[in-house]
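The values are calculated or read from the model by the stated rules, or taken from the named source; none is laboratory data. Nothing here was measured: the structure is a model prediction, and the numbers come from that model. Glycine also receives a Cβ, built like all others from the backbone with ideal geometry; neighbour counts cover every protein chain displayed. These accessible areas exclude ligands, DNA and RNA; they are computed on the full protein's heavy atoms, side chains included. Shrake-Rupley method; radii C 1.70, N 1.55, O 1.52, S 1.80 Å.
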Amino acid sequence: QVQLVESGGGLVQPGGSLRLSCAAPVGIRSIYVMGWYRQAPGKERDLVARRTSGGSTNYADSVKGRFTVSRDNAKNTVYLEMNSLKPEDTAVYYCFAGSLTNEHAYWGQGTQVTVSS
C-alpha cells in the first residue's frame, strides 16, 4: 500500500500555531477524503478533522474554531492549520486518505506535536 508523507510537527508554546502537511505520492490519483487523527499518550486514536474533495469538513468538538483542514485536490495534499494550541493537543498526528467506500485506505507515518511552556 502507498504511504502518505507528513511534515510540520514540532514543539510550540500554548496559544501558538502550527501547520501540518500530508501529501499523497504520484501513485494515488482518486482520493475522496483526506484528514487527520491524533493519539495522545495513554489515549485512543481520535478523529481530528476530515475534508472531502467537494469541500465538506468535519471537526472534533475539541478543536472546532481552532483547527482548519484544507486540501489541494490537484496535488492530493491535506493541511491542518492548528491555532490557539493547548497542552491537551499534544499527540502524534496521523493523516489519512481514502475513497468513498474505504475512508482509511492510506496513512501517514505520524508527526509529533508537542504543546508545552
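In debye, nearest 20, what is the charge dipole magnitude of the chain about its Cα centre with +1 on Lys and Arg Cβ and -1 on Asp and Glu Cβ, if you could check?
Charge dipole, the chain, about its Cα centre: 180 debye, nearest 20.
Show me 74-83, 5-14, 45-54, 91-100 ranked by packing, highest mean number of other Cβ atoms within 10 Å first.
Peptide ranking by packing, descending: 91-100, 74-83, 45-54, 5-14.
May I ask which residue of Ala40, Ser56, Met82 lies farthest towards the positive end of the charge dipole of segment 1-91, with charges of +1 (Lys, Arg) and -1 (Asp, Glu) on Cβ and the Cα centre as origin?
Ser56
For the chain, modelled as a GNM with alpha-carbon contacts under 10 angstrom, which of Glu44, Glu88, Glu103 fluctuates the most?
Glu44
Would you mind calculating the gained length between Asp61 and Ser99 on full extension (0.36 nm times residue separation, minus the Cα-Cα distance), in nm to one decimal?
The span from Asp61 to Ser99 would gain 11.3 nm if fully extended.
Report, largest value first, the span of the C-alpha coordinates of the chain along each principal axis, in whole Å.
41, 25, 23
At a 1.4 Å probe radius, carbon and sulfur cover how many percent of the accessible area of the chain?
Carbon and sulfur: 47 percent of the exposed surface of the chain.
May I ask you to give the solvent-accessible area per residue for the chain, in square angstrom, as obtained with a 1.4 angstrom probe?
That works out to 52 Å² per residue.
Once the piece of chain linking Ser84 and Arg19 is laid out straight, how much longer is it, given 0.36 nm per residue of separation minus the C-alpha distance between them?
Length difference between fully extended and current span is 22.2 nm.
Scan around Thr90 for amide H atoms under 5 Å from its own, H built in the peptide plane at 1.01 Å from N, and keep only partners 5 or more places away or cross-chain.
Val115
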